[in-house]
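Step one of this worksheet: look at the structure below.
The values are calculated or read from the model by the stated rules, or taken from the named source; none is laboratory data. It should be emphasised that the depicted structure is a prediction, and the values quoted were computed from it without experimental measurement. Here the Cβ positions follow ideal geometry from the backbone for every residue, glycine too, while neighbour counts run over all protein chains shown.
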Amino acid sequence: MSLNEEVELLRNIPLFAKLEASKLKLLAFTSERLTFQPGQSLFRQGDMGDAAYIIVSGEADVIVDTPKGPLKVAGVKKNDFVGEIAILCDVPRTATITAQSELTTLRISKDLFFRLISEFPQMAVEIMRVLAQRLEKTTSDLRDTNARLRQLQGG
Amino acid sequence: MEKSIYTFIIKYSLRQQIILTVLSFASFVPYYYYLTMPKTIVNQGISGKDITFPYNLLGQELSQTTYLLMLTAAFLGLVIVQQCFKYSINVYQGISGERMLRRLRYELYAHVLRFPLPTFRKLSQGEIIPMIVAETESLGGFIAESFSTPLFQGGLFLVSLGFLFVQNWAIALAALALYPFQLYIIPKMQRKVNLLGKERVKAARRLSDRIGESIQGVQEVHAHNTARRLLSEFSQRLGDIYWTRFEIFQRKFMIKFLNNFLQQAGPFLFYSIGGYLAIRQQLDVGTIVAAVAAHKEMGAPLKELLNHYQQREDARIKYEQVIAQFDPDGMRDPRLQLAEPDKIEPLAGELQVSQLNLADEAGNALIENVSFQVPLESHVAVVGNAGSGREDLALLLARLLFPGKGKIAIGGNDIAQLPEAVTGRRIAYVGASPYIFNASIESNLFYGLRHLPLLPRQYQGEELKRHQTHLREAAASGNSTDDPAADWTDYAAAGVEDMAGLREAGIRALRIVQLHDDVYQFGLRGTINPNREPDLAEAILKARAAFRDKLARPEVSKLVEGWDRARYNRNATVAENLMFGNPVGDALVPERLAEHPYVLQVLDKVGLTDTFLKLGHQVAATTVELFADLPPDHEFFQQFSFISSEDLPLMQELLGRASKERLGELKAEDRARLMSLPFKLIPDRHRLVQFDEELMARIVQAREVFASDLPENLRHAVAFLDREKYSAVATIQDNILFGKVVYGQAQAAEMVSGLIGEVIDDLGLRNRVAMVGLNFECGIAGGRLTQAQRQKLAIARCIVKRPDLFILSDATLPLDSASQGKVFEAILEEFRSRGIVWSLQRAQLASRFDRILVMRSGRLVEQGGFDELDREGTHFRELLAQE
């Protein structure tokens, strides 16, 4: 895949959608394209985060360790951006991500990520927007869940 | 050492000084005849005065012409004789000067090796080094002529004076009249110059100390932005030297001025007073002229004497100042240091410490009245807070420090009285910051086994003669006559018979300290000479085949792209693909391949020149597009760019000039600039340009041409890749891989190294590879190793020499916690029946020891087993609680 194709791909990811083409090209050039075989993990829960990944193709499971053993909580697919929480907040990985099919990713190292954010404020704003949207979604989910819980308890 | 330079000279070079003096005076004889000869030639040979021809010389009748020729021939002969004298005097002076210099430096260095440790807290290497190297330099020259010059010039002076007395005693006295004044005033002025000279020497020393410190602390300089302050301080020190030197030469020239003036005052007196007397007819003119001439004659040697006097003062100061620094209190006894006992018995019995005291330079007690007694083979832990004296106690036990009062005895022998041959071989010590020498891991590992030359090196023929000459010369300067090229390794001490056995033992020690994996990795990245180790090369070729078989498994088959002469390797650079081999020497280094005329010729032949130009243009255009906005010092340039930030504007400008279609019309240097870019491309890593099948096929074609057309003079500049042959220039790992680890596969490198490990283990090669790793160079102060690796190596160095008593002081502190525990246990296990004294930072670790010594403020406050001490109210409990 050439650099231009990768730029197109990055443009489809909401986080990068509004970045200039030249910045996307630099991001594509400086990030590492990494392929995972089925069963290989991008990272494991509890590891310290050193990179975030953009899924270029394939699918992966998000798995959380529970007292009863590993539990699949979600799946990620093409154009998803994963692993940014751990490098943003310096907390250990909150879940394990394991490739389900052959998985192609763009690996953006922590250094690179911060450099991009600090140098291209548009990107920082974009990330804030995406995170805020996620927070809003989580909050509304929580509200729904609370409502359901109250209903269950009340009923 | 001798306190004054003259004692030193007389003690070690009296014979040379006498010979030199005799030679100097002997040279007088031909000199005298050489001076009188012109007169004889003119008067007798040419003018024929006082002589009749034919002249009868020893029964031979000589005509005037023959006689003249004979005289001139004699003149020439005298010139030669006189120059021969001069030559041999100079050479002999040179030899004796250099010998004395060599001796002095050797002595000083030997003294440094005997300094007590605390001296190095006050005296830095920046001061010591120039003293031994630079300051002694001028002494050699002075020493050579220290006796002959004053005697010779003094002799000349006395002869002239005597001559004058014979001629006319009154005039002689007159000529002498001014000298008392000269002799009084000049030494007085010289004294001030001497003081300044001392100042200058000290200032220069401080300067080099400063430079040394800046180099060692350069990290701090950058980290704290103090360069400007350093420059200012340095400037001030340079200023000090400048002003001192300025004053010195002002005064020196003033002395010269005064001296010359007094010298010329002589004729003034002769002409004025003598002239006055002559006018009054009390003196005849001839006498005045003779007096002036004699005075002048005396002037030349006097000037030489004065010069010598100044030099002597200079040399004396330098010598005395250097010597003063090299005689600190508490120097190690040279007899103990170099003595070689007939037989060194293992240490055994009780380790008995009684009333031990140690104080620092200011007299503060570091260790006070420490006494204890344990069997030597027991394991002793020393615990305590910082400043409790536990480190000093360890240093005392290792005899690196000498106690102020009290005694340490092992088996009844006071270790202070034991030769270093015993303490240095039967006791091992490793502290928290051991030193790793700038040599291979092997040299560092076996450092503690090299005490004396055991197996002399055999020399033959010319080499033997040269060796003997060198030995004689070393002996003449009182230097060591041990041969560094001999085999110094004490195999028996390590319990082995030869180097092969020792390497095994070394690897074993590295395993104990958990360094063997690192060394194995160094080995994989090392190279071997297949001619010297054909069996290893063979085994690695087997590993290559086994590795290829492993890659047949589908889950790992994509991890490595193997070399195939008929196929392009997408994970290698274009340069590597084109050359299909490793460069030998620097004729064909990959970075400059694009500039090589032969490579350009190959590209031309297969019609790739235009393609490469276009590729280059494409790479340049994309790079400029990507990086143009970034500041020039941006990290991305170093990490990712094909074009450095300095070259970027140049490239931008080039791209503006060159349209893509008309690249062929560019100037040669612009073409070269573009051509060089594609050579660094790795298709699967840099996605800058598309690599289609056709392009790759063409490069493979170029590869064939490159190999078949290779001219004779480049034959040895490249080692072509060959599936069946071991490549001496490639690393062991590359020889096994015979390909490239692919880009873009997650964990490819780890998995490949795992596979290589499997292959290596299957073939039983791990230790052999680790032995190659022993050749890894550690760098200056071990700088190419991590701190933990240095520490482990230092511990292994102690294990290899199998001491009876192993003293460790916070020795595992720099290790990460996982390996710290393993190393700790492994060392205790290795020394199960031998003695250990371990100064521990963590009291908790002491549970594994037979006896615990608890130190507090230099005193031994508690001792006993762990359970005994771990109770309410003990200092030990406090220490445990602190953790």
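Observations, loosely collected:
- Scanning the range A:86-104 for residues that are surrounded by fewer than 17 Cβ atoms within 10 Å (Cβ to Cβ) and not small (Gly, Ala, Ser) gives A:88, A:89, A:90, A:91, A:92, A:94, A:102.
- Within the range A:32-45, being more than 10 Å from chain B (Cβ to nearest Cβ) and surrounded by 19 or more Cβ atoms within 10 Å (Cβ to Cβ) holds for one residue alone: A:43.
- Taking first residues from the range B:707-730 that are farther than 28 Å from residue B:772 by Cα and partners that are part of a loop (DSSP other than H, G, I, E, B) and among the aromatic types (Phe, Trp, Tyr), the Cβ contacts under 9 Å between residues at least 6 apart in sequence or on separate chains come to B:707/B:580.
- Test: residue B:189 is hydrophobic (A, V, I, L, M, F, W, C), part of a helix (DSSP H, G or I) and under 29 Å from residue B:13 (Cα atoms): no
- Among the residues of the range B:654-679, those identified as buried (at least 17 other Cβ atoms within 10 Å of the Cβ) and closer than 20 Å to residue B:597 by Cα are B:663, B:666, B:670, B:671, B:673, B:674, B:675, B:676, B:677, B:678, B:679.
- Residue match in the range B:662-682 (condition: within 14 Å of another protein chain (Cβ to nearest Cβ) and closer than 21 Å to residue B:569 by Cα): yes
- Verdict on residue A:28 being within 11 Å of another protein chain (Cβ to nearest Cβ), surrounded by 16 or more Cβ atoms within 10 Å (Cβ to Cβ) and either aromatic (Phe, Trp, Tyr) or within 22 Å of residue A:122 (Cβ to Cβ) (or both): yes
- Here the range B:529-571 is the region considered, the condition is being out of contact with any strand residue (DSSP E or B) (no Cβ under 8 Å at 6 or more places or on another chain) and under 26 Å from residue B:701 (Cα atoms), and the residue that is nearest to the other protein chains (Cβ to nearest Cβ) is B:568.
- Subset of the range A:46-81 [within 14 Å of chain B (Cβ to nearest Cβ), surrounded by fewer than 21 Cβ atoms within 10 Å (Cβ to Cβ) and over 30 Å from residue B:642 (Cβ atoms)]: A:47, A:58
- Taking the criterion of being within 20 Å of residue B:724 (Cβ to Cβ) and among the basic types (Lys, Arg), the residues of the range B:564-597 that qualify are B:565, B:567.
- Candidates B:826, B:846, B:796 - the one that is closer than 20 Å to residue B:391 by Cα and either in contact (Cβ under 8 Å) with a residue 60 or more places away in the chain or assigned to a loop (DSSP other than H, G, I, E, B) (or both): B:846
- From B:305, B:358, residue being closer than 30 Å to residue B:204 by Cα and in contact with a helix residue (DSSP H, G or I) (Cβ under 7 Å, 6 or more places away or on another chain): B:305
- Residues within the range B:212-236 that are surrounded by 14 or more Cβ atoms within 10 Å (Cβ to Cβ), assigned to a helix (DSSP H, G or I) and not small (Gly, Ala, Ser), tallied: 4
- Figure legend. Inter-residue proximity from the range B:393-410: first residues under 9 Å from residue B:367 (Cβ atoms), second residues polar (S, T, N, Q), beta-carbon distance below 8 Å, spacing 6+ or different chains. Indicated pairs: B:393/B:839; B:403/B:357; B:404/B:357; B:406/B:354; B:406/B:355; B:406/B:357; B:406/B:369; B:406/B:371.
- Whichever residue in the range A:2-17 is more than 12 Å from every other protein chain (Cβ to nearest Cβ) and charged (D, E, K, R) and, among such residues, is farthest from residue B:622 (Cα to Cα): A:11
- Note on the range B:166-186: residues that are under 30 Å from residue B:322 (Cβ atoms) and without any contact (Cβ under 8 Å) to a residue 12 or more places away in the chain amount to 1.
- Residues of the range B:704-736 satisfying the condition of being within 30 Å of residue A:30 (Cα to Cα) and in contact with a strand residue (DSSP E or B) (Cβ under 6 Å, 6 or more places away or on another chain): B:730
- Some residue of the range B:640-649 being assigned to a loop (DSSP other than H, G, I, E, B), within 14 Å of another protein chain (Cβ to nearest Cβ) and not β-branched (Val, Ile, Thr): yes
- If you go through the range B:90-120 and pick out every residue that is without any contact (Cβ under 8 Å) to a residue 40 or more places away in the chain and of a type in the set (Lys, Arg), you end up with 1.
- Tallying residues that are under 50 Å from the mean Cα position of the chain (by Cα) and among the hydroxyl-bearing types (Ser, Thr, Tyr) within the range B:651-676 yields 1.
- The single condition among (1) modelled with pLDDT under 90; (2) aliphatic (A, V, I, L, M); (3) closer than 17 Å to residue A:49 by Cβ; (4) crowded, with 19+ Cβ neighbours inside 10 Å that residue A:123 does not meet is (3).
- The helices (runs of 4 or more DSSP H) found entirely in the range B:689-785 that carry 1 or more residues being in contact with an Asp or Glu (Cβ under 8 Å, 6 or more places away or on another chain) are B:766-773.
- The sole residue among B:328, B:341, B:419, B:334 that is in contact with a Leu (Cβ under 6 Å, 6 or more places away or on another chain), over 27 Å from residue B:828 (Cβ atoms) and surrounded by fewer than 21 Cβ atoms within 10 Å (Cβ to Cβ) is B:419.
- Residue tally, condition touching a residue at least 60 places away in the same chain (Cβ under 8 Å) and more than 15 Å from residue B:26 (Cα to Cα), over the range B:67-89: 0
- For the range B:359-394, the set of residues classified as crowded, with 22+ Cβ neighbours inside 10 Å and either of a type in the set (Ser, Thr, Tyr) or within 24 Å of residue B:426 (Cβ to Cβ) (or both) consists of B:367, B:370, B:380, B:381, B:382, B:388, B:390, B:392, B:393, B:394, listed by residue number.
- Which listed residue is in contact with a helix residue (DSSP H, G or I) (Cβ under 6 Å, 6 or more places away or on another chain), surrounded by 12 or more Cβ atoms within 10 Å (Cβ to Cβ) and not β-branched (Val, Ile, Thr), from B:637, B:580: B:580
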